[in-house]
Amino acid sequence: MNLISLLSEEQQLTLFREVFYDNHLIRLIQVMPFVMKLSTDHDALKQRFSNKILKQAVDEDWEDFEESIAFLPETIRKRIVSRLARLDDVNKRFIVYTYLSDLSEEGRDQLVDRSLSDQNALMNIEAVKAIAYVSQDKQEQFFLKAFEHDPAIVHQYGYYFLSTLPEDRRLELEQRCGLSQELSAEQSRELTDLALSTPLYRVAPDAFFRTNFYKTGSRTTLLGAREIDKQTNPERSLKARVIVRHIPYFAYQIWRNAFENSDFWKQEGFDHVPIEPIIRVQSDKMAPSDVAVFSRVLGPSVHMWLANTSLFQKEIGEQMEHITASLKKMGISHGHLHDDNFCLAFYKQVDGSVDLSRPPLVYAIDFDQAKSIKDNI
């Protein structure tokens, strides 16, 4: 697409007309920034493009539409987001949460209020996470409405809003909704076990050293520790385990760039590289266009941890938001950065046991769908 700027205006107009009549929404969006750079003599064409993109965005379903919206001129993007927010189609309204800043404050209030009543857990979750961005006088009302609708979702995702409050107000709401937690000895033991667990192993038969497991996206292989280690030293078993992600080479390049750029992460204020660690890479015998990336297994996913406890939810949420913003700043679209694709690594005490007095470190994992935002246009 960068080559468009090298074409003469006449050549650009020919291309734009072909794209216009091709009726492919993503291509329309991709060329729109260049259409907007045309002289004022072509304002009619700009308007036709704008109207067509708006109509197709509302009326049709397109793969990669959510990411492509980001490259539209702001005025057009805001029109689309505003229209999508008012639709009955849950899937299209879901997209709006990626572009909340393009909605007016009133629009955000209406979207979140409606989503809190949806009979759709994903919409409920996004609404709870977005409460911090509605009108200040409606925030507490929406938070309590969410808690009444589904307390479990508030327990797991309420920290997105609570972390923005002054401490006294946060503690008051936590106590009111039963979110604060003092650990008993039994809870401490359970959380220690959870801190040493990983969701990958739930589908791996204990008797096998190597096993493929099911996940959305790419093929992944889990290499396990020997059975004797599992019985005598479960923590060593976790450390010894390695997964092999079979992913497209271009996705591996993006993952590697994120992992190896330690200077960037230091500048962003991290004291560790919050990216799934790469051990080594080799060609994939089963898929010539893919590579096999060996990576160290981390601890439980954020989803697994917060489904069991609210301990450290504020600190975990802050790290997740920081990682997400930093990846975007780096020019990387992860592709599916949900709570199952953030994992935790806990500090250890002198005796090697898990330290539950300190918040864990958060890592972004599973870069099989990663794309370079800069390369999309």
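So if I take the centroid of the Cα atoms in region 109-176 and the same for region 24-38, what is the distance between those two points in Å?
One Cα centre to the other: 37 Å.
Which value, in Å³ per residue, describes the convex hull spanned by the Cα atoms of region 88-179? Intermediate results must be reported in sequence, preceding the final value.
Working: hull volume 7.8 nm³, N = 92.
Taking only Cα atoms, region 88-179 has a hull volume of 85 Å³ per residue.
For H322 and F294 in one chain, what is 0.36 nm times their gap in residues minus the Cα-Cα distance, to one decimal in nm? Could you put the intermediate results ahead of the total?
Values: separation 28, 0.36 × 28 = 10.08 nm, distance 2.57 nm.
Here the answer is 7.5 nm.
So if each residue of separation counts as 0.36 nm, and I subtract the Cα-Cα distance between N91 and E106, what length gain in nm does that give? Please list the in-between numbers first.
On the way: separation 15, 0.36 × 15 = 5.40 nm, distance 2.10 nm.
Full-extension gain reported as 3.3 nm.
Distance in nm between label sites at D43 and N257, each 7 Å beyond Cα in the beta-carbon direction?
3.9 nm
Based only on Cα atoms, what mean projected area does the convex hull of region 282-375 have, in nm²? Before the final figure, lay out each step's value.
Working: hull surface 32.5 nm².
With the hull built on Cα positions only, its mean projection is 8.1 nm².
Please list the three semi-axes, largest first and in whole Å, of the ellipsoid equivalent to region 50-203, using sqrt of 5 times the eigenvalues of its alpha carbon gyration tensor.
Numbers: eigenvalues 236, 83, 33 Å².
So the equivalent ellipsoid measures 34, 20, 13 Å along its semi-axes.
Take A307 and D59, extend 7 Å from each Cα along the Cα→Cβ direction, and tell me the distance between the two endpoints in nm.
Using points 7 Å along Cα→Cβ, the separation is 4.1 nm.
How many Å³ per residue does the convex hull of the Cα positions in region 1-123 occupy? Mind dumping the intermediate values first?
On the way: hull volume 12.8 nm³, N = 123.
With only Cα atoms used, region 1-123 gives 104 Å³ per residue.
DSSP loop (so not H, G, I, E, B), at most 11 other Cβ within 10 Å: list which GluC sites (Glu not before Pro) in region 13-118 pass both filters. The partial results should precede the final answer.
On the way: sites: E18, E60, E63, E66, E67, E74, E105, E106; in loops: E60, E63.
Hits after loop and neighbour filter: E60, E63.
Once label points are set 7 Å from the Cα along Cα→Cβ at both N120 and K266, what is their separation, rounded to one decimal in nm?
Inter-label distance under the simple model: 4.5 nm.
Across the Cα atoms of region 62-131, what radius of gyration and what greatest pairwise Cα-Cα distance (Dmax) are found, in Å?
11.4, 33
Read-outs: derived from the displayed coordinates by stated rules, not from any lab. If you're wondering where the values come from, they're calculated on a predicted model, not measured in any experiment. Virtual Cβ from ideal backbone geometry, glycine too; neighbours counted across all protein chains shown.
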